[in-house]
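K.L.:
Below are the C-alpha cells for one structure; questions will follow.
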Amino acid sequence: MTLKVRIIPCLDVKDGRVVKGVQFEGLRDAGDPVEQAQFYDGEGADEICFLDISASHEGRGTLLDVVRRTAEVCFTPLTVGGGVRTTDDFRALLLAGADKVAINTSAVKDPSLVTAAARRFGAQCVVVAIDAKQTGPEQWEIFTHGGRNATGIDALAFAKDVVDRGAGELLVTSMDKDGTKSGYDLALTRAIADSVSVPVIASGGVGNLDDLVAGVTQGHANAVLAASIFHFRTHTLAEARAALAAAGAKVRQPIQGNLR
Amino acid sequence: MLTLIDYGSGNLRSAEKALVAAGARDVCVTADPDRIAKADQIVLPGVGAFADCAANLAAVDGLREALETRVRGEGAAFLGICVGMQLLADVGIEFGSTPGLGWIGGKTSVIRPGSSELKVPHMGWNTAEPTKNAVFDAAWGGAQDVYFVHSFAFRAAHNPDVAAWCTYGADRFAAAVAKDNIMGVQFHPEKSQRAGLALLEEWLKQ
C-alpha cells in the first residue's frame, strides 16, 4: 500500500461562474461551480481545483461564496487559487472551506509571502503555481498574470527557492502546452519533480488519457490535473484511473470491500 | 450535544459539514469550557504545526481542564483529527519538543519514507488498514483509501492503541489510535468522501 497518484479536475471560475462552459447532462445549472464540484466529488475525484480568473474585487467576493457552498456539499480536498495576495486572503479562503491555497503572481513578486503563509497555516496548505515557458533546451522561464508577463526568472531555480521557503506543493503549468491538448511539457515537469522534495502536480495540455499516464511515468508527477477532457466528458475519472492503473501507477479505488 | 472545538487551529467548516452529513444533530462550534463540560461527544480538529496547535489549546482559559474532566474523568466520546489526533500523544517532536495531552502513550516524529522519490508531506490518498476496532469494523469492514496531509506521524508506545495502520515507503505509522472513549485519526474523514463519512457515522453512533 502506498500513496496513490491523484487525479484532479480543475475548474476555471470567473465572477462565480465556470468558464469554458461544461456540458454535463443532468445538471440544473451547468455554469455553477458548486454543482460541477459535486459531480466530480461523486465520481471520486482525488482533489478538486478552482482557479479564479475574476478581474474585479466583486468577482473575488463571489469566489468565497462559491467555496463556502462547495464545502457544504463536497467532501473532497479543495485547492483554490487566483488573485491571492496576502496571508489574510489565505485565511479567508481556508475559513470558507478551502484545504489548500495556490499562489502564483504574488509568490513571484514577494516570495516572503510563501514563508509567512507556511508559518501561519502550515506548509501543507501552501501551493505555489508555477507558470513556465520554454526558453532553451532544458530551460524554462516563469511567467505571471496568466502567462502574459515574462519575469526573467529561471523556473527550476524558482521552484527550489519556494520549496526552501515553505511551499508544500507545486502546481507546474506549461504555458506552451496549456490549451493545446498535445500533452504536458514532460521535460519541465520531470526537471522540477526530480529536484524538489515536495509533491508536484502536472498541468497544462492534456488531450487524452495517455497524456495523464505520461505525466506520471515520464514527468514523475505525483498528481495530474486536467480540465477539458473531463469537462467535455471525453473521458470519465474512472477511465483515467483505469489508464493509470494499466500503466502500473497506483490509483485509488473510491470504494472498497463492503463499504456501501 | 456534540462540540467541535474552535481553538483557531482547524478547518472547522469542513469538519462541521461532514459531521452533519454523517448524522450529527446539534453541533456546537465552541471553545467555551462550560459548553465542553456538558458535551456528550467532542471533536478536536487541528491543522498546521503541533506546537502551534498545542499553544492555541493552552491559550484558551480552562479549556484543557474542561477536556480532562469531561473526557478522561467522565468518559465523553472524543475524536481528534490530524494534529488533533497527534495532540493525544505525550510529546510532539517537531522543531523542538512540545508536550501533548498525554492521553495515549507515544510521540510524534517526522515521516521517513526512505526514498527521495517519496515526497514529504505525505499528501494524498493512502490506505488505512484497521486492526481490531469496533468503529472501523462497522464502518468499513476492511481497509479503505483515505486522505492524508501531514509531515509528522504518531508513534504509539503500545501497539494495541493503534486502531489502523498506514504504510508509506519504509515508514509505517498510526492512521488511527483508540483507547476506551478516545479516538484519533491522522487522515481527514471530512475530506475522504464516502469512506470518511461512513467512519464519522459509526463514531457518532457508538
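K.L.:
Count neighbours as other Cβ atoms within 10 Å of each site's Cβ, and list the GluC sites (Glu not before Pro) in the stretch B:15-81 that are DSSP loop with at most 14 such neighbours.
P.N.:
Hits after loop and neighbour filter: B:GLU74.
K.L.:
Could you pull out which residues in the stretch B:108-132 have an amide N less than 19 Å from a spot 7 Å beyond the Cα of A:THR2, following the Cα-Cβ vector?
P.N.:
Counting backbone N atoms under 19 Å from the label point, the list is B:111-129.
K.L.:
From Cα coordinates alone, what are the radius of gyration and Dmax values for the protein assembly as shown in angstrom?
P.N.:
For the protein assembly as shown, the Cα-based Rg and Dmax read 21.2, 68 Å.
K.L.:
To the nearest 10 square angstrom, what accessible area does B:LYS179 show with a 1.4 Å probe?
P.N.:
Rounded to the nearest 10, that gives 80 Å².
K.L.:
Here is a follow-up. What does the C-alpha gyration tensor say about the overall shape of chain B? Classify as rounded when a/c is under 1.5, otherwise prolate if a/b is larger than b/c, or oblate.
P.N.:
Oblate, because a/c is 1.5 or more while a/b does not exceed b/c.
K.L.:
Name the shape class, rounded, prolate or oblate, that the alpha-carbon gyration tensor gives for chain A, where a ≥ b ≥ c are the square roots of its eigenvalues, rounded holds for a/c under 1.5, and otherwise prolate holds if a/b is larger than b/c and oblate otherwise.
P.N.:
Rounded, because the longest to shortest axis ratio a/c is under 1.5.
K.L.:
So, in nm, how far is label A:THR135 from label B:CYS28 when the simple model puts each one 7 Å beyond its Cα toward the Cβ?
P.N.:
6.0
K.L.:
Using the crude model of +1 on Lys and Arg Cβ and -1 on Asp and Glu Cβ, and no other charge, please compute the dipole size for the protein assembly as shown relative to its Cα centre, in debye to 20.
P.N.:
The dipole of the protein assembly as shown has a size of about 320 debye.
K.L.:
In addition: Please label the shape of the stretch A:101-191 as rounded, prolate or oblate, based on the square roots a ≥ b ≥ c of the eigenvalues of the alpha-carbon gyration tensor (a/c under 1.5 means rounded; beyond that, a/b larger than b/c means prolate, else oblate).
P.N.:
The shape class here is prolate.
K.L.:
Could you tell me what percent of the DSSP beta bridges with both partners in the stretch A:1-146 are antiparallel, to the nearest 5?
P.N.:
30
K.L.:
How large is the accessible surface per residue of the protein assembly as shown, computed with a 1.4 Å probe and reported in Å² as a whole number?
P.N.:
Here the per-residue accessible area is 38 Å².
K.L.:
By accessible area of protein heavy atoms, probe 1.4 Å, what ranking do A:THR189, A:THR180, A:THR2 get, highest first?
P.N.:
From most accessible down to least: A:THR180, A:THR2, A:THR189.
K.L.:
Heads up, I need the accessible area for A:ASP194: 1.4 angstrom probe, whole protein in place, Å², nearest 10.
P.N.:
100
K.L.:
Then there's this: Within the P(r) computed for the stretch A:51-172, what percentage of the Cα pairs occupies the region above 22 Å?
P.N.:
Cα-Cα pairs in the stretch A:51-172 separated by more than 22 Å: 34 percent.
K.L.:
Among the DSSP beta bridges whose two residues both lie in the stretch A:96-186, what percent are antiparallel, rounded to the nearest 5?
P.N.:
Counting DSSP beta bridges with both partners in the stretch A:96-186, the antiparallel share is about 45 percent.
K.L.:
Okay, moving on. Ignoring everything except DSSP H segments at least 4 long, calculate the 222 nm mean residue ellipticity for chain A; use -39,500 (n - 2.57) per segment, divide by total residues, nearest 500.
P.N.:
The per-residue figure over chain A is -10500 deg cm²/dmol.
K.L.:
While we're on this one: Compute the accessible area of each residue in the stretch A:52-87 twice, once for its chain alone and once with every protein chain present, using a 1.4 Å probe on heavy atoms, and list those whose area falls by at least 30 Å².
P.N.:
Residues meeting the cut-off: A:ALA71, A:GLU72, A:PHE75, A:PRO77.
K.L.:
Leaving ligands, DNA and RNA out of it, report the carbon-plus-sulfur percent of the accessible area of chain A at a 1.4 Å probe.
P.N.:
Exposed carbon and sulfur together represent 49 percent of the surface.
K.L.:
Per DSSP H run of at least 4 residues, take -39500 (n - 2.57); add these up for chain B, divide by its residues and hand me the 222 nm value, nearest 500 deg cm²/dmol.
P.N.:
Estimated from H runs of four or more residues: -6500 deg cm²/dmol.
K.L.:
Here's something else I'd like to know. Straight-line reach from B:LYS119: which lysines have a Cα under 21 Å away, not including same-chain ones fewer than 8 places off?
P.N.:
Result set, ordered by chain and number: A:LYS4, A:LYS100, A:LYS160, A:LYS250, B:LYS191.
K.L.:
In square angstrom and rounded to 100, what buried accessible area do you get between chains A and B, total over both, with the probe at 1.4 Å?
P.N.:
It comes to approximately 3300 Å² buried between A and B.
K.L.:
Going from most exposed to least, what order do A:SER182, B:SER151 have by accessible area with a 1.4 Å probe?
P.N.:
A:SER182, B:SER151
The values are calculated or read from the model by the stated rules, or taken from the named source; none is laboratory data. Bear in mind the structure is a predicted one, so any value in this text is a computation, not a measurement. Virtual Cβ from ideal backbone geometry, glycine too; neighbours counted across all protein chains shown. When the accessible area is computed, the model is the full protein with side chains, heavy atoms only, and any ligands, DNA or RNA have been set aside. Shrake-Rupley method; radii C 1.70, N 1.55, O 1.52, S 1.80 Å.
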